[in-house]
Amino acid sequence: MSSHFIVECLDCGNRAPFFPGSPACPNCGSLWREARYDYANLSYSLPVQLAGRPFDIWRYRELLPVRNPNPDLSLGEGGTPLIHAASLGLMLGLSNLYIKDERQGPTASFKDRQAAITISSIKEAGITEMVCASTGNVAISYSAYAARAGIKLWAFLTSLVPAAKMREVAIYGTQVVKITGSYDQAKLVAEEFARQRGLFLDIGSRSIPSVEAMKTIAFEIAEQLTGLLGPEQKLSNNAPDFPWRTPDWYFQSVSGGLGPLGVIKGFSELKSMKLLGKVPKMGIIQVEGCAPMIHAWKQNRETAVPVQSPHTLIATLATGDPGRTYTLLRQKIKDETSALFESVTDEEAFRAMHLLAKMEGLSVEPAAAVSFAGLIKLVRAGKIKSDEVVVINCTGHTMPIERNILGEGWEHTIDMKAKGMEENREEGLLAALSNVGIDKFPRIAIVDDEPDVRRLIRRILQSQGNYELFEASDGKSAISLIKKERPNLIILDLMMPDVDGFSVMDALQKEKETQDIPIIVITAKELTTAEKERLKGHIQSLMQKGDFLSDDLLDEVRTLIK
């Protein structure tokens with residue numbers, strides 16, 4: 001029994017010690033309980049105790065339901081980086097967009113936090129065998145930690161889980177039970193199996209250790225943002241000082257809802273300890289083919305109507321019945337902050353995977369890409385302000401890429417056994433390489449005096465086409481470049497020093513070879529009526545910097561280059 005916290009029943013209010021093997025309230029039998037700590041004392045002692053501790057999940061041990069953390073069970077969980085998404089932020093017009101990179105956990109998923117705390121808790125209680133139901137990542141994480149702790153694990157997986165994930169679960173020695181049915185059906189079978197055998201059952205959002213584990217994401221974000229941006233800014237001269245910083249928005253893709261439930265609790269606890277002044281607004285994103293929470297929120301319902309037959313290729317998010325988790329999450333949001341609930345299609349998620357990999361160098365699984373697709377959709381709808389600080393949870397790494405995600409034409413082939421290659425190896429190799437080159441593809445000139453903008457446009461174009469790209473950083477060199485290279489399309493900034501975009505267009509109009517090259521103008525300037533008139537008849541499209549998305553630019557490019 002841990003002495004530094006107590007658990008309170010959410011139904012009858014009974015407060016009692018915590019025993020991992022007895023999750024129900026001893027007074028009313030409810031499984032819905034929450035951990036409570038001595039926040040008044042921790043507000044003074046915790047900041048001092050954090051100094052000098054490693055940046056991992058056990059840094060916050062006074063706020064976790066484990067009495068004596070065992071370092072031999074650790075796999076290095078927690079302490080994941082907070083990455084500034086400069087290119088994606090520039091594209092979206094968000095200068096303060098950050099990615100919490102949970103791919104860098106021991107098994108490449110944010111579920112490692114849940115497994116680390118739960119396994120430590122039940123190991124401390126002397127439990128040696130447990131059961132879980134999973135859509136993939138939970139079973140992988142639990143398998144790794146159970147193996148390390150010497151705990152036998154039974155994992156009930158829906159048959160929709162990719163075979164690669166099932167094999168990873170099995171390699172740890174877990175007993176894999178594949179259920180030909182939905183995830184909700186797998187949960188029911190796992191529950192009955194655990195009941196019949198008297199085994200410990202992981203109960204997700206009703207589990208004290210699971211919720212407590214997820215709140216450490218909030219703790220880390222607050223500390224990391226403080227280091228990057230400084231303490232929270234005062235809203236007025238009379239406002240109190242808060243030593244840590246919270247984002248304006250926290251985004252996450254959601255299946256059962258455990259993640260944001262824990263994250264809200266974490267930010268709320270920091271607010272109780274007067275380390276923060278607010279709880280961030282929540283961006284809750286689900287996949288369109290299984291979005292019971294989104295439908296319930298938009299209909300202002302207290303309970304979610306289960307989705308009996310999920311229609312999505314993203315199996316890890318196919319929780320059709322979130323049960324009371326949604327009701328509790330809804331209430332916490334209404335009590336503590338506000339939220340946007342949105343759904344995205346599988347296709348939008350797959351496009352976000354491409355975009356994130358090619359613009360930020362992050363390879364993510366489809367479930368993680370759902371949150372990025374949701375952010376893009378809400379930015380497009382004008383729901384997120386450009387000056388707001390946004391943190392998005394990159395919940396997991398990609399599995400081996402499937403053909404339906406990449407599509408066709410993603411590879412180049414050099415046949416070293418082709419006719420003529422052996423006779424003249426050097427010439428044959430040069431010929432083969434020339435076929436891989438991009439000189440045969442449409443040529444685009446990018447003209448802008450800001451290196452970050454040129455890099456952004458280059459990445460957008462490279463993400464979806466084999467274009468031959470040329471760059472110029474000022475108007476004078478742009479005129480020379482365009483006359484020499486004769487591109488098929490020009491992407492032009494208007495506001496450049498010395499020779500501006502208008503002058504570039506005037507110079508190109510005087511030359512027969514360049515006067516018909518189509519131009520897309522991208523500018524940060526609000527144009528006057530006279531300036532707009534000056535552009536008429538000379539450009540194909542006008543876009544505002546920080547207000548266009550990759551799809552917008554690509555659509556224009558594809559229209560102009562046949």
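Please give the net charge around T80, taking every other residue with its beta carbon less than 10 angstrom from that of T80, where Lys and Arg add +1 and Asp and Glu add -1. Write down the numbers at each step before the final one.
Numbers: positive: K100, R103, R113; negative: D56, E77, D101, E102, D112, E220.
Around T80, the surrounding residues sum to -3.
Over the chain, what is the relative contact order in whole percent, taking alpha-carbon pairs under 8 Å and six or more residues apart? All intermediate terms of the calculation are to be shown ahead of the outcome.
Numbers: 1045 pairs, mean separation 66.0, N = 562.
Averaging sequence separation for qualifying contacts and normalising by length gives 12 percent for the chain.
In terms of other Cβ atoms within 10 Å, M543, M130, M214 run from fewest to most in the order M543, M130, M214. Across the range 444-453, coupling constants 3J(HN,Hα) worked out from phi with the 6.51/-1.76/1.60 Karplus curve, θ = phi - 60°, read 10, 9, 10, 10, 6, 7, 9, x, 5, 5 Hz, and Gly and Pro carry x.
Over 22 Å apart at the Cα level, from the set K111/K215; K385/K525; K152/K187; K274/K383; K215/K278, are K274/K383.
Annotation: lysines with alpha-carbon distance below 20 angstrom to K476 (same-chain offsets under eight excluded): K484, K510, K512.
About the Cα centre of the chain, what is the dipole size in debye to 20, counting +1 per Lys and Arg Cβ and -1 per Asp and Glu Cβ, all else neutral?
Working: 64 positive and 70 negative charges, 285 e Å.
About 1360 debye.
Helix 475-485 and the longest principal axis of the C-alpha atoms of the chain enclose an angle of approximately 70°.
Take the alpha carbon gyration tensor of the chain, find the square roots of its eigenvalues, order them as a ≥ b ≥ c, and report rounded if a/c is under 1.5; if not, report prolate when a/b exceeds b/c, else oblate.
Cα axes put the chain in the prolate bin.
Across the range 442-560, C-alpha contacts under 8 Å between residues 6 or more apart give a mean separation that, scaled by the residue count, equals a relative contact order of 24 percent. When each of the peptides 105-111, 275-281 is scored by the mean number of other C-beta atoms lying within 10 Å of its residues, the order from highest to lowest reads 105-111, 275-281. The angle separating the long axis of helix 324-336 from the principal Cα axis of greatest extent in the chain is about 70 degrees. Rounded to the nearest 500, the 222 nm mean residue ellipticity of the chain from helices alone is -12500 deg cm²/dmol, with -39,500 (n - 2.57) taken per DSSP H run of at least 4 residues.
For A85, the residues 5 or more places off, or on other chains, whose built amide H falls under 5 Å of its own are L97, Y98, I99. Axis of helix 111-124 versus longest Cα principal axis of the chain: the two differ by about 20°, to the nearest ten degrees. Which shape class, rounded, prolate or oblate, goes with the range 16-75 when its Cα gyration tensor gives a ≥ b ≥ c as root eigenvalues, a/c under 1.5 marks rounded, and past that a/b bigger than b/c marks prolate? Oblate is the answer for the range 16-75, as a/c is 1.5 or above yet b/c matches or exceeds a/b. Local charge for L362 was computed over the other residues whose Cβ lies under 12 Å away, with Lys and Arg +1 and Asp and Glu -1, and equals -1.
By count of other Cβ within 10 Å, fewest leading, how are S143, S22 ordered? Could the numbers behind the result be given before it?
Working: S143 25, S22 11.
Fewest to most other Cβ atoms nearby, the residues stand as S22, S143.
Along the axis of the charge dipole computed for the chain (Cβ charges of +1 for Lys and Arg, -1 for Asp and Glu, origin at the Cα centre), the listed residues G320, N41, T174 are led at the positive end by N41. Placing +1 on the Cβ of each Lys and Arg and -1 on the Cβ of each Asp and Glu in the chain, which of P247, P209, S480 has its Cα farthest towards the positive end of the resulting dipole? About the Cα centre, the residue reaching furthest to the positive side is P209. When each of E192, E388, E220 is scored by the number of other beta-carbon atoms lying within 10 Å, the sequence from fewest to most is E192, E388, E220.
Coordinate-derived values only; no laboratory data. Because the structure is a prediction, the values reported are computed rather than measured. Using ideal geometry, Cβ is built from the backbone for each residue, glycine included, and neighbour counts are taken over all protein chains shown.
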